[in-house]
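See structure below.
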Amino acid sequence: MSGDSKIGNLTISRGRYFSCLWVLANMTLAIFLIQTPWAFSQQVPEVGQQKSLPPSAFLVRVPLPVDDRVSKQVTGILERIAKNAPPVTRPEDRLTVVLKFDTDRGKTGLGSQLTRCLDISRLLSSEQMIGLKFVAYIPAPKASVLRGAKDGSSSRLEGNAVLIALATEQILAEPNMKIGNANSDSPRDPLEIDIYRNVAEKRLVLPPAIFNSMIDPVETVFRVTTDEGESLVDTKQLQEFEATGRVVAKKELSAFGQTALYNIQELAALSPRCREVADKSDLAQTLKIDLSRLEFETIGDREWHAVQFDLPKFIDARTVDWGIRAIEQRLSEGSQNLLIINMENCQGDLNACLKLARYLTNFDSDEVQTTAFVRGNVAGPAGVVALACDHILMEKTAVLGGPFQPLLVESERDSAIAETELIAEDKERQPSWYRAMIDLTAQPAADNPNGQLLNDDAIGAGFDAKAAEETGMARAIINSPDELQTFYQLESSPEQLTPTKTDRLLDRFAAFLAQPMISVWLLMAAVFLISTEMQSPGLSVPGFLGATCLVLFFWSQYLDGNAEWFEILLFVIGALFVVVEIFVIPGFGIFGIGGLIMMVISLVLATQTFVLPRSAEDYKRLPISLGMVLAAASSFLAAIYVLKRYSRSLPFFQKMMLDPPAPVPEFAANGASPQMNLVGRKGIALTKLIPSGKAKIAGKILDVMTDGMVVEANTPIVVIESVANRIVVEPCE
């Protein structure tokens, strides 16, 4: 074999041949090394696995009415979102920002300041916001708001706040919501009308004829049907159409002399950029965003001042009452705007947890943000407390939900579910999450917008941190309290709400008095001592001691979470009715019987947390409550018996009670001595006797009478009969 190779007409030496092979081999190896990291970095998606998550979106609440504070808050949030938004090259890659108006809280936008609304509208269309897509979301009022406004006056967005909606690219509203009446906060001003038109024409989210009728009362809009189709025209255009004879049908959409107000169904038919959505889940599907990745930017850039309330392992009524009082006092004293509820391995009483959850729901997130920090296992009604907060932060090993004690009976569970649905509506969370906390057979993923299903075992075990974050239940997963401080960029550790020594002492004392064996003796002593006081004239030691025992009884039951102001007020009113029956209205009628019934009912309710028993625990508690009332009644009877039989022989009662008055002798009422013989005594009539009157006999003024005759005053008289205090006289001869 020769040292040269021949390829076609090209002759290549053997050395050059191997050189070419070596170059080709190195090029192949280089391409392989370059492509290998990229190839290994691409993971083949599993079957059913989503290749890429939809882009995250932001929801910014627009409080109504819009004033200077709201304008600064909203613009500050939008500027921060735009600053952190990644650069985009296509319009469809922009981040979605949903401007959620405060119409769900019964606000309509009336009273909004035009200049402040204009500031927000200009920012939405500025070059600074080019990487963001703005959507106006107008939710329907909550059920509690609708009950207070039956005429539907709260189901609308009107006033200058409409200007902000016109500056967005899309308007989404829930059913029956109305939009319009934009320029109603001020008289018709051509300059203001031009401002509205300039803003609306930039986006054209509504046809010009429609937004003109919303802002100018002299604009009338007609829907005209011609042989070429349908058109929206004003009065002048309608006349031109009618002059040409092209009008087949027409319909007036707005009346002359007033700004128009359209419902979302009408706007959806008139503009492709308007659409009706059923709820927030429908909103997410319409915008093709993932609710679990929807960032709730409702607080803006704020300097956080946090206060922390640590819940015990078991949440009872006493803990909740003290916590609410401590939180109220601390928030009223300082500038705290972040309340952290620290929960570690918590369970609790249903009524106590629901009370705390309702309290946390009532916070306005613009004023105070609430956060639940979940550690360990938080199950049962305690999970409802966590879901009542604005944010839920969980440790990696934390679990929310799962088995808990004590179990709830069906009626108790149904009542609790109905109440948690109201909390879910206020917090805009899935109602099934709350049901899963108190009903282990519930299906929490039934209305999950992400379509993630959980099996029965996962439902019974609760939501771990990862599942809670994926479903949107938890805001973030953190590892320690230090990371919590970093999450909110706190300069120092949160201020702990801890009871003082006095609080702890009073709490232990109240817990001691609230024990059934102690409460019954307090109640019996109060009734016995007050009954003793009522049987002796004046106010003395028994009345004071009885009132003290009664106050201690209600105070201990109040701190124990059994008695509220209703029970105390019911007892006081019942006692007043009894006093009225005894001292004002003789006898014992409706006031006395009704007062006693009210007092008995108040005592029963003051020793229990329920009105009618529904659970096994309630039925165990009911005999104790009734037994206390029976013991109080028996102490009343015992007081009557003891005082009647032994009051004179007991040293203490001898000093405490007054001696009965001596028997009244004859003639005492007339001032005469029993030894005085008045028959035959003479005197003089001081008054006219017709037939009775006054006379002076034996130097004393006495009540006298004649046998029927009339005797003039200053007539000499003589006593003819004297029996007891009956003195009969006649004129002297």
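For segment 383-419, the tally of residues that are closer than 20 Å to residue 311 by Cβ and either out of contact with any Leu (no Cβ under 8 Å at 6 or more places or on another chain) or touching a residue at least 40 places away in the same chain (Cβ under 8 Å) (or both) stands at 25. One residue alone among 421, 428 is assigned by TED's automatic domain parsing to the domain that holds residue 339 and in contact with a Phe, Trp or Tyr (Cβ under 8 Å, 6 or more places away or on another chain), and that residue is 421. If residue 404 passes every condition in (1) more than 29 Å from residue 60 (Cα to Cα); (2) part of a strand (DSSP E or B); (3) of a type outside the set (S, T, N, Q) but one, which one does it miss? It is condition (2) that residue 404 fails.
Of all residues in segment 350-382, those satisfying the criterion of being under 15 Å from residue 416 (Cβ atoms), crowded, with 18+ Cβ neighbours inside 10 Å and touching a residue at least 60 places away in the same chain (Cβ under 8 Å) are 350, 352, 354, 357, 361, 379, 381, 382.
Of the residues making up segment 101-111, those that are out of contact with any Asp or Glu (no Cβ under 7 Å at 6 or more places or on another chain), at negative phi and either among the hydroxyl-bearing types (Ser, Thr, Tyr) or modelled with pLDDT under 90 (or both) are 102, 103, 104, 105, 107. Here residue 373 does not fit the description of being modelled with pLDDT of 90 or more and under 28 Å from residue 556 (Cα atoms). Under the condition of being surrounded by fewer than 17 Cβ atoms within 10 Å (Cβ to Cβ) and either in contact (Cβ under 8 Å) with a residue 24 or more places away in the chain or of a type in the set (Ser, Thr, Tyr) (or both), the residues counted in segment 716-727 number 6. Every listed requirement among (1) at pLDDT 70 or above; (2) more than 29 Å from the chain's Cα centre (by Cα); (3) over 27 Å from residue 408 (Cβ atoms) is met by residue 582 save one, (1).
The residue of segment 105-116 that is farthest from the chain's Cα centre (by Cα), among those that are of a type in the set (S, T, N, Q) and not in a helix (DSSP H, G or I), is 113. The condition of being farther than 30 Å from residue 306 by Cβ, at pLDDT 75 or above and either under 31 Å from the mean Cα position of the chain (by Cα) or surrounded by fewer than 16 Cβ atoms within 10 Å (Cβ to Cβ) (or both) holds for only one of 550, 497, 522, 570, that being 570.
Is it the case, given these coordinates, that residue 102 is farther than 18 Å from residue 179 by Cβ, under 26 Å from the mean Cα position of the chain (by Cα) and acidic (Asp, Glu)? Taking the combined requirement at face value, the residue does not satisfy it. Could you grab me the full set of residues in segment 61-99 that are of a type outside the set (D, E, K, R) and in a helix (DSSP H, G or I)? Matches in segment 61-99: 70, 71, 73, 74, 75, 76, 77, 78, 81, 82, 84, 91. Give the residues of segment 77-99 that are more than 19 Å from residue 284 (Cα to Cα), surrounded by 14 or more Cβ atoms within 10 Å (Cβ to Cβ) and not β-branched (Val, Ile, Thr), sorted by residue number. Selection gives 78, 79, 80, 82, 85. Among the residues of segment 238-250, are any within 24 Å of residue 170 (Cα to Cα), of a type in the set (Val, Ile, Thr) and surrounded by 15 or more Cβ atoms within 10 Å (Cβ to Cβ)? Within segment 238-250 (the criterion being within 24 Å of residue 170 (Cα to Cα), of a type in the set (Val, Ile, Thr) and surrounded by 15 or more Cβ atoms within 10 Å (Cβ to Cβ)), the answer is no, since none of the residues qualifies. Check whether at least one residue in segment 364-386 is part of a helix (DSSP H, G or I) and more than 19 Å from residue 472 (Cβ to Cβ), and report yes or no. Within segment 364-386, one or more residues are part of a helix (DSSP H, G or I) and more than 19 Å from residue 472 (Cβ to Cβ). For segment 380-400, a residue qualifies if it is at pLDDT below 90 and within 22 Å of the chain's Cα centre (by Cα), and the qualifying residues are 380, 390, 391. Checking each residue in segment 668-679 for being assigned to a helix (DSSP H, G or I) and either in contact with a strand residue (DSSP E or B) (Cβ under 9 Å, 6 or more places away or on another chain) or modelled with pLDDT of 85 or more (or both) picks out 669, 670. Output the residues belonging to segment 680-716 that are in a strand (DSSP E or B) and touching a Pro at 6+ places or on another chain (Cβ under 6 Å). Matches in segment 680-716: 684, 705, 711. For segment 39-52, the criterion of being at pLDDT below 85, part of a helix (DSSP H, G or I), more than 26 Å from residue 426 (Cβ to Cβ) and not aliphatic (A, V, I, L, M) is satisfied by at least one residue.
Beta carbons closer than 6 Å, at least 6 apart along the sequence or on distinct chains, pair a first residue in segment 308-320 that is in the same structural domain as residue 330 (by TED's automatic domain parsing) with a second that is outside any loop (DSSP other than H, G, I, E, B) and among the charged types (D, E, K, R) for 320/355. Scanning segment 322-361 for residues that are part of a strand (DSSP E or B) and among the aliphatic types (A, V, I, L, M) yields 338, 339, 340, 341, 343.
In segment 459-492, the qualifying residues are those that are more than 16 Å from residue 375 (Cβ to Cβ) and surrounded by fewer than 16 Cβ atoms within 10 Å (Cβ to Cβ), and the one that is modelled with the lowest pLDDT is 460.
If we scan segment 435-458, do we find a residue that is modelled with pLDDT of 80 or more and over 25 Å from residue 279 (Cβ atoms)? Within segment 435-458 (the criterion being modelled with pLDDT of 80 or more and over 25 Å from residue 279 (Cβ atoms)), the answer is no, since none of the residues qualifies.
The values are calculated or read from the model by the stated rules, or taken from the named source; none is laboratory data. These figures come from a predicted structure and were not determined experimentally. So basically every Cβ, Gly included, is an ideal-geometry build from the backbone, and we count neighbours across all protein chains shown.
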